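The values are calculated or read from the model by the stated rules, or taken from the named source; none is laboratory data. The structure presented is a predicted model; accordingly, all values stated were derived computationally and were not measured. Cβ coordinates were reconstructed from backbone atoms using ideal geometry, including for glycine residues, and neighbour counts include every protein chain displayed. To get the accessible areas, we keep the full protein, side chains included, count just its heavy atoms, and leave off ligands, DNA and RNA. Shrake-Rupley method; radii C 1.70, N 1.55, O 1.52, S 1.80 Å.
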Amino acid sequence: MSSSAKVLDPAFQGAGQRVGTEIWRIENFQPVPLPKTEHGKFYMGDCYIVLRTISGKGGQYLHDIHFWIGKDSSQDEAGTAAIKTIELDAALGGRAVQNRELQGHESDKFLSYFKPCIVPLEGGIASGFKKPEEQEFETRLYVCRGKRSIKLKQAPFARSSLNHDDVFILDTEKKIYQFNGANSNIQERAKALEVVQFLKDTYHEGVCDVAIVEDGKLDTESDSGEFWVLFGGFAPIGKKVASDDDMVPEATPAKLYSITDGEVKPMEGDLSKGLLENNKCYLLDRGVEFFVWVGRITQVDERKAAIQVAEEFIKSQNRPNSTRVTRVIQGYETQGFKSNFDSWPSGSAAPAPEEGRGKVAALLKQQGVGLKGIAKVTTVNEEVPPLLEGDGKMEVWRIDGSAKTPLPNEDIGKFYDGDCYIILYTYHNGERKEDYFLCWWIGKDSVEDDQKMAARLAKTISNTLKGRPVQGRIFQGKEPPQLIALFQPMLILKGGLSLGYKKKIAEKGLTDDTYTQNCVALLRISGAASHNNKAVQVEAAATSLNSTECFILQSGSSVFIWHGNQSTFEQQQHAVKVAEFLKPGVALKHTKEGTESSAFWSALGGKQNYTSKKITSETARDSHLYTFTLNKGKFEVEEIYNFTQDDLLTEDVLILDTQAEIFVWVGQSVDPNEKQNAFEIGQKYIDMAASLESLAPDVPLYKITEGSEPCFFTTFFSWDSAKANVHGNSFQKKVALLFGIGHSVEDKFNGSSGGNTQRASALAALNSAFSSSAEKPSSTEKSNGSDHSGPRQRAAALAALSSAFNSSSSSKPSTPRSMGINRGSQRAAAVAALSSVLTAELSSPDNSPMESSKPSEGSPLAFAPEAEGETIYVTEDSPETSEDSKSEVALPVLDNNDGDMQEKPDVGKEDNDGTESSATKFSYDQLKSKSENPVTGIDFKRREAYLSDEEFMIVFGMAKEAFYKLPRWKQDLSSCEIPIHLKITSYLVPLFLGLPRFCCTGCSLPLQRWSQALSGQKK
């Protein structure tokens, strides 16, 4: 190499030689490797290069290179990162996928490397870094967006940053709060909890409290109260305001441009792979993303120029910052690129890893770039997926017209290629009581009617088992290991026994070559292990033989076992087992290759040449997980990169493609109608992948239901059975896993989310109403007659509150609440906060609208919500009253079953006329709520009944008999001496709990009368 040759940057020596992630930071315009301990830390003033290496098909390494640009970095640093990315790609053979990542707009693939999220840090190499011990803890507010790949963005620490649509995380020194907007996505809530745990472990050394605050719930004594105190107190929060960073470009029909001499020119005609020439670069515009396609024999300078031209073109189109740019190389296009074309013919195969690397190295050498430390490719041994538990119950039916015929035990394992079969295997797996593997097998020569009937009857069996079985559709020749292992042995024979097959060959005038006990038949024994050793009937000719295998030749009553010279002992043993299953008790004639008798060759029609090449069945395990959408009738998928078990969200239907098998995973919370369409969804994916990814159209297809995942599915995950056994929606599951199984969270998503927003708005309105009225009005306001605005506000707020809670109680949940908190207790807690506001207001000098009902001096109302099904007590404490002499008011609560009112048993019972039947009497001073010598053990809702006749006449001005003949509401107005704020609260408590609307204990004044009273219209 000449002295002028440019040597590869030393920082990239040996890069990409192992699976994993490598990161370099641009320092003084040079890449500097970062240690593993610094991975995931991205400073806003810097640029980074991130290399991700994975093992692809055949063990070859595949690479993704991302250059991340901090929002405070310089343009020169960004340019250096882009150029160094191209140099790194050259060192890896020029076939890596390149991605530009702007801070705050990172791709899902990039974010998947740093789960659950990245937290951009202030500063950079130029401005200097602060050591952790030099940093003082700063309270920060983050908005958390994304159902799987989470984008965490810091927001100003102010109430105005909050809204009803997003999930927020408030990170304080002692506690981390998660605030769930009333309209926020349930899956974003679940993912935000992962971020909370990450912040706790990373920045709090795993030691701090965690609290969940629900929008629309105000409880001054709980985490909610603490949360709002940090924002200066509870107040209404505004609607979400969209910013430039929130703008996401819309997907548009793909447009193809050629890049020639630095110019972008549109291509005419329909999109097709044939438009792409291997010596040019192209730009594909999808609206949300740009792809730069690079021909395999383009020059390095052309590739650099293509990226620069693409970025200039994006700026000229005024596209938002979130527009992504991805560069792909010919032969290594991503699924996202190929999906823009109606089809993607296989054409010429991509160059072999070493071939491609050599060509790129030669090109670069010609241009003065020397390559050192280029990564080598290593092969990866195929792993056999786990098999189902043995010793289960096996049932097999053959489809015959519209019915299924059960196979006798002696025939289970024999399959004819002209028939269809249903297989049900029942087994026990771990803690679960019973698991089921249900599939239908489709012979290659079976009729279409039998194929459809097999699918229909299998679905019927699944429904009778409450949808629990794993369902599979298996085509002949694509039998998966877990199916083969269930049959020892498994034989696939020619012909068919069903009426449909017999009718087909009769109509076509074909010869019926169905296997019989006396025909000439040759069976090939493939595989030596239990998961791949099936026997298949082949053409009875010498050309079918293979020196690497064993064969069984049946000729009348004679059975030969032929051992190829390269066959294994295990194959020979299995051949004996198959022969005994095929013809029990028959004498076997063992024949080694080269020692065949004339009878052997005669049965095969004479001796002929045959192969000695080993037949390999390559099973790929390149697994990908996808979500899907139907966009204007077109089936589209989006990959979930670096997927884990946590990505299986119970509200979703997902597709797992392992190349060898397709799984459609259905969450428990999915709509029932969508659950029924699992196989249709899977078939749409197969049709799409067959045209774009050359997927075999007859690949096995499975439907997997959440909670019944088999071992051959869970093997693609780091499976945790504890996670799989947690019930509830995504958020509930995550809460249970992070805070303990017993931790409960209210399920507000079973009904409409409108109630949440209503409650939040109603509480905000109440807060505004009572807070504003507590301030003393100015003389100008009084003279203008505006001093009644406060009462009117309160009346309106109460009406809003009634509407909010009525709507939420009337909506029925769609699914049972497995982890719900007592809704009554939550509402009661909100009443406590409201009561506190009312008490403070009514204790002020200026409360003219309710001056006649001004409460006596005493402590504020204490409200203690109890568990569901118990009575809730409102207690007023006086400083002069001892602990044993508290006056209690018992409120009726809902019964758990039917919602009827229940009350604490009364000491005394009244007769039909309302008079007290008990002879027990007390004085008026004892029956008052502020009595110095209060009565205990009475019905506090009917205090007047305990007065003597004489004292009753003095207090009410009438006899008891006349009093109880009055309408009920007049009785209540006469008897209520409880302070007005207690009356309002006592009305609201049953309102919140869904009970009949009494204004206070012992009073049945309806809401509209209290609204009038509060507004000054009627006192």
Taking the criterion of being open to solvent by 20 Å² or more (accessible area, probe 1.4 Å), under 38 Å from the mean Cα position of the chain (by Cα) and without any contact (Cβ under 8 Å) to a residue 40 or more places away in the chain, would at least one residue in the stretch 474-493 satisfy it?
no
Residue under question is Y501, and the condition is that it be hydroxyl-bearing (S, T, Y), touching a residue at least 40 places away in the same chain (Cβ under 8 Å), out of contact with any Ser or Thr (no Cβ under 9 Å at 6 or more places or on another chain) and within 27 Å of T405 (Cβ to Cβ); does it hold?
no
Quick one: in the stretch 516-530, which of the residues that are more than 16 Å from L604 (Cα to Cα) and open to solvent by less than 40 Å² (accessible area, probe 1.4 Å) is farthest from the chain's Cα centre (by Cα)?
I525
Number of the condition not met by G633 [criteria: (1) of a type outside the set (D, E, K, R); (2) touching a residue at least 12 places away in the same chain (Cβ under 8 Å); (3) at positive phi]:
(2)
Scan of the stretch 153-189 for residues that are closer than 13 Å to L199 by Cβ and of a type in the set (F, W, Y), ordered by number
F168, Y177
Are any of the residues in the stretch 466-483 outside any loop (DSSP other than H, G, I, E, B), at pLDDT below 95, closer than 24 Å to I686 by Cα and out of contact with any Phe, Trp or Tyr (no Cβ under 9 Å at 6 or more places or on another chain)?
no
Considering only the stretch 554-576, state which residues are under 21 Å from Y610 (Cα atoms), aliphatic (A, V, I, L, M) and out of contact with any Cys (no Cβ under 6 Å at 6 or more places or on another chain).
V559, I561
Given the criteria in contact with an Asp or Glu (Cβ under 6 Å, 6 or more places away or on another chain) and not β-branched (V, I, T), does H590 qualify?
no
So, restricting to strands (runs of 3 or more DSSP E) that lie completely within the stretch 147-248, which ones have at least 2 residues that are of a type outside the set (A, V, I, L, M) and surrounded by 18 or more Cβ atoms within 10 Å (Cβ to Cβ)?
167-171, 175-180
May I ask you to list the residues in the stretch 10-50 that are free of Cβ contacts under 8 Å to residues at least 40 places away in the same chain and either under 17 Å from Y641 (Cα atoms) or acidic (D, E) (or both)?
G20, E22, E38
Check off (1) open to solvent by less than 50 Å² (accessible area, probe 1.4 Å); (2) within 57 Å of the chain's Cα centre (by Cα) for F600 and give me the number that stays unchecked.
(2)
Give the number of residues within the stretch 653-680 that are in a loop (DSSP other than H, G, I, E, B) and in contact with a strand residue (DSSP E or B) (Cβ under 9 Å, 6 or more places away or on another chain).
6
Only one residue in Q683, Q668, Q676, Q732 is of a type in the set (S, T, N, Q) and touching an Asp or Glu at 6+ places or on another chain (Cβ under 6 Å), so which one is that?
Q668
State whether the residues of the stretch 126-133 include one that is farther than 23 Å from G70 by Cα, modelled with pLDDT under 90 and surrounded by fewer than 16 Cβ atoms within 10 Å (Cβ to Cβ).
yes
Here the residues within the stretch 502-511 that are open to solvent by less than 70 Å² (accessible area, probe 1.4 Å) and of a type in the set (D, E, K, R) are K504
Suppose the filter is among the basic types (K, R), in contact with a Lys or Arg (Cβ under 8 Å, 6 or more places away or on another chain) and at pLDDT below 90; does K748 pass it?
no
Please work out if D435 is among the acidic types (D, E), modelled with pLDDT under 95 and open to solvent by 10 Å² or more (accessible area, probe 1.4 Å).
no
Scanning the stretch 936-954 for residues that are of a type in the set (A, V, I, L, M, F, W, C) and surrounded by 15 or more Cβ atoms within 10 Å (Cβ to Cβ), the one nearest to Q926 (Cα to Cα) turns out to be L947
Test: Y43 is touching a Lys or Arg at 6+ places or on another chain (Cβ under 7 Å), among the hydroxyl-bearing types (S, T, Y) and closer than 22 Å to K151 by Cβ
no
